[in-house]
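Notes for the one structure printed next.
The values are calculated or read from the model by the stated rules, or taken from the named source; none is laboratory data. All of these numbers come straight from a predicted model, not from anything done at the bench. Backbone-built Cβ (ideal geometry, glycine too); neighbour counts: all protein chains shown. The protein model used for the area step is the full one, side chains on, heavy atoms only, and it has no ligands, DNA or RNA in it. Shrake-Rupley method; radii C 1.70, N 1.55, O 1.52, S 1.80 Å.
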Amino acid sequence: AAALGAKLLAERGHVGEALVAVEHALHALGTQAIDLNGNGVDEARLRLLRCRFGASAGDLAGAELLAAHKRAVDAAPGWSKAHYALGECHDRLLSAQLEAAGTDLASIEKAYVREGHLIGALKGYGAALRRSGRHLLRALPRLMALWLRFADFRHGANATGSLRQLDRDVEAELTKLIVGGMPSHYWRVVLPQLASRIAHDDQTCRAVVHKALGMLLAEYPHQALWTLAPLRHSHSKARSEAATHIIKRYKASADRYRPGGSAQVDQYVDAVQQLIGFTGHPLSDLIGKNRRFSLQREYPSLWKLRPARVLIPLQASLSAWHGHIASGERAPPPPGAGA
């Protein structure tokens, strides 16, 4: 009730009064030891409101704001929203420092290394994702964007000892998420981001991207193959070779994941190749008076698509499932499912 009342005050523009209401509620909660949820969420919710209203009023900023978010996490370690808010706080502080650094490499490195906001943001977002899918569509793409921006800088900068250590810490955090840190179907949300960096210049970043794409191929080949197979025809030699390597490595063990997995890869690759050819087919051959176009003759793999084990990527088949409150409310799609 106190949280709701404070929100209503803030919505009416009375941020100062809302902050006072939250402070009184926190004091009452501390003296009476009341926790209706029994897991610290009531206190954590009030502490997050204090962070929001305090930042709006100018009472909390920088290290004090970060410490206030950490107290919210301490109050309810199992609540995903507290971890997400902490990651977001680290994210905003890092973004402000990078913006102030401009293009000066020494200042950018200092922003990354000095206060640990990058690894703090990754850990906060990662902890939220391990506990719930509620913040999936915001946390995971942002986590990837932060990491890829750092990898771009890391590749172009002279590696100091502190920067190399941060690189190892970031790689370890991402590897934990890929290898069982959170449900594998979450990664489908960032499939386009991963595919766009398939040939990243930084070797460490490229290895992590390939590991994530290999995991998606093994768990959800229908979605991953529609993304990776066209990259084999990229005009970029590096991207083409990387996609070919990942698909070839998966194909070598595809039959262990599911019967007919290797043949399925061939069907996708062939279908994508003929789709590319069909979309580039001369229009005159399709509408000319003296020529009758035959899909069966020109593109037999497309003609035989119905009996093939290939799923056309409609919107429903590419939408990622994500649970909001309880994981038992909806079951995630089984591995290998097209929808």
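A few comments on the model shown:
- Length gained when the stretch His155-Arg249 is fully extended (0.36 nm per residue, less Cα-Cα span): 31.2 nm
- Virtual spin-label span in nm between Lys176 and Arg138, 7 Å along Cα→Cβ: 2.3
- Nearest-0.05 FRET efficiency for Arg114 and Lys211, computed from C-beta distance (R0 35 Å): 0.75
- Rounded FRET efficiency, nearest 0.05, which uses the C-beta distance separating Arg71 from Ser236 and R0 of 45 Å: 0.40
- Accessible area in the full protein assembly, largest first, 1.4 Å probe, for Trp303, Trp226: Trp303, Trp226
- Solvent-accessible surface (1.4 angstrom probe) belonging to Thr175, in square angstrom, nearest 10: 40
- For the range 43-120, the set of trypsin sites (Lys or Arg not before Pro) satisfying both a DSSP loop assignment and a count of at most 14 other C-beta atoms within 10 Å is given as Arg114.
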